[in-house]
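Structure first, commentary second.
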Amino acid sequence: MESNFSIANKIAIVTGGGGVLGSSISKALLKAGAKVIVLDIRQEALDNRISDLKKLGEITGLVCNVLDMDSLKAVRKEIMSKWGRIDILINAAGGNMPGATLTEEQTVFDMKIEDFNKVTNLNLNGTVYPALVFGEAMAKQGSGSIINISSMATYNAITRVPGYSVAKTGVNIFTQWLAMELATKFDEKVRVNAIAPGFFIGDQNRAVLINPDGSYTERSKKVLAKTPMKRFGDITELNGIVQFLCSDAASFITGAIIPVDGGFSAFSGV
Ligand code: NAD
């Protein structure tokens, strides 16, 4: 008997699938038997990530800009004509940007408004636009699961990342809002949730967490002091919650924002 945690044969789209989190989640979805379509703005990133994953199952890479509705609609057309449905959308395109991170010496008044706009645009609209384009197909078919990526920067203020924090907090309320809209106006089987990863060392934050000599920065030490598990996460530790939220086992869960953070968001630090 198939478990209700199964996502076998589901059609899954992963935006930003050429990146660290997106490719790790794509791999987990493939291993669980889903058919995965990876979208990324960078052809090279798609080529690099996908060649490794092809042996695990059916995976397709498509170049797509999540900030361009025409690009998203063209991809939706292609997916619907080939697979006929969309069951899962993981919105993993996003991330902080070096220009949008204040240095220790800068204040918010030194922030370049262009960088603020870039980081809020990618992280907020880069989630909203794919959710609208692919969510419309889910609403029509009467089922589907969307997972957005939130952040620890939405629970309490984290120094140096004003734009990223604002954008991810927008992702949270959009997650709740779209969950409400789709369940009330379409079908309760179209669900929208978010995961809020804690601290995982990745390309976007390596420089602020690890010194060139490999030791932890002062910022890292502060993060670990507020993390009851006293360690950084491994990105594979996101896979369990992603598969659960995409499966029928999560049939009564929509509009939730679930931290995966070793306890960081639960702990006052004292
Ligand atoms: P990453 O930079 O490795 O990957 C992001 C991918 O998105 C890249 O491959 C990039 O080419 C793609 N992308 C950028 N702009 C795009 C666009 N306009 N259209 C399509 N694709 C585009 O970042 P990551 O570390 O994998 O982060 C993924 C998500 O997880 C982000 O939302 C990030 O904020 C979030 N997150 C990451 C961490 C972490 O520790 N790595 C922690 C919390 C949240």
Practice prompt. Using a 1.4 angstrom probe on heavy atoms only, work out the carbon and sulfur share of the accessible area of region 1-86 in %.
Written response: 49
Worksheet entry | Options 91, 122, 192, ranked by Cα towards positive dipole end of the chain, top entry (Cβ charges) | 192
Item to complete: Report the calculated FRET efficiency for residue 180 and residue 213 (r = Cβ-Cβ distance, R0 = 41 Å), to the nearest 0.05.
Response: 0.25
Response to the item:
The size of the Cβ-based charge dipole (Lys, Arg +1; Asp, Glu -1) of region 22-143 about the Cα centre, to the nearest 20 debye, is 820
Worksheet item: Based on DSSP H runs of at least 4 residues, each adding -39500 (n - 2.57), what is the mean residue ellipticity at 222 nm of the chain after dividing by all its residues, to the nearest 500 deg cm²/dmol?
Response: -12000 deg cm²/dmol
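Please list 175-184, 101-110 highest first by mean number of surrounding beta-carbon atoms within 10 Å per residue.
On the way: 175-184: 17.3, 101-110: 10.4.
In descending order of packing, they fall as 175-184, 101-110.
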Worksheet, complete the sentence: Using alpha carbon centers only, region 113-185 is separated from region 208-230 by a whole-angstrom value of 28
Item to complete: Calculate how large, on average over all directions, the projected area of the Cα convex hull of region 1-128 is; give the answer in nm² to one decimal.
Response: 9.8
Worksheet item: Could you state the principal axis extents of the C-alpha atoms in the chain, from the largest down, to the nearest angstrom?
Response: 53, 40, 39
Discussion item. Counting only other residues whose beta carbon sits under 12 Å from that of residue 54, what net charge do I get with K and R as +1, D and E as -1?
Written reply: 0
Discussion item. Give me the dipole magnitude in Debye, nearest 20, for region 136-270 about the Cα centre, with unit charges on the beta carbon: positive for Lys and Arg, negative for Asp and Glu.
Written reply: 420
Practice prompt. Report in % the part of the accessible area of region 141-270 that belongs to carbon and sulfur, leaving out ligands and nucleic acids; probe 1.4 Å.
Written response: 60
Discussion item. As an exercise, use a Förster radius of 35 Å and the Cβ-Cβ distance of residue 107 and residue 266 to find the FRET efficiency, rounded to the nearest 0.05.
Written reply: 0.70
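Averaged per residue, what accessible area in Å² does region 11-132 show with a 1.4 Å probe, protein chains only?
47
For a quick protection proxy, order the peptides 259-266, 9-16, 74-81 by their average other-Cβ count within 10 Å, most packed first.
Packing proxy ranking, top to bottom: 9-16, 259-266, 74-81.
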Discussion item. Would region 197-239 count as rounded, prolate or oblate if I go by the C-alpha gyration tensor, calling it rounded below 1.5 in a/c and otherwise prolate when a/b exceeds b/c, oblate otherwise?
Written reply: oblate
Discussion item. Please report the projected area of region 150-270's Cα convex hull averaged over all directions, in nm².
Written reply: 8.3
Discussion item. Taking a cut-off of 17 Å, what percent of all Cα-Cα pairs in region 83-205 are separated by more than that?
Written reply: 57
Fill in: Cα-centre dipole for region 68-133 with unit charges at Cβ (Lys and Arg positive, Asp and Glu negative), debye to 20
600
Worksheet, complete the sentence: Binned at 10 Å starting from 0, the alpha-carbon pair-distance distribution of region 122-165 in whole percents comes out as 24, 39, 25, 12, 1
Response to the item:
Inter-part gap, Cα centre of region 244-270 to Cα centre of region 1-26, in whole angstrom, is 18
Fill in: Segment residue 201-residue 159, extension gain: residue separation times 0.36 nm, minus the distance between their alpha carbons
13.4 nm
Item to complete: Select from region 212-265 those trypsin sites (Lys or Arg not before Pro) which occupy a DSSP coil region and have at most 12 other Cβ atoms within 10 Å, ordered by residue number.
Response: 230, 231
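The values are calculated or read from the model by the stated rules, or taken from the named source; none is laboratory data. Since we're looking at a predicted model, the values are computed, not measured. Cβ: placed from backbone, ideal geometry, glycine included. Neighbour counts: every protein chain shown. These accessible areas exclude ligands, DNA and RNA; they are computed on the full protein's heavy atoms, side chains included. Shrake-Rupley method; radii C 1.70, N 1.55, O 1.52, S 1.80 Å.
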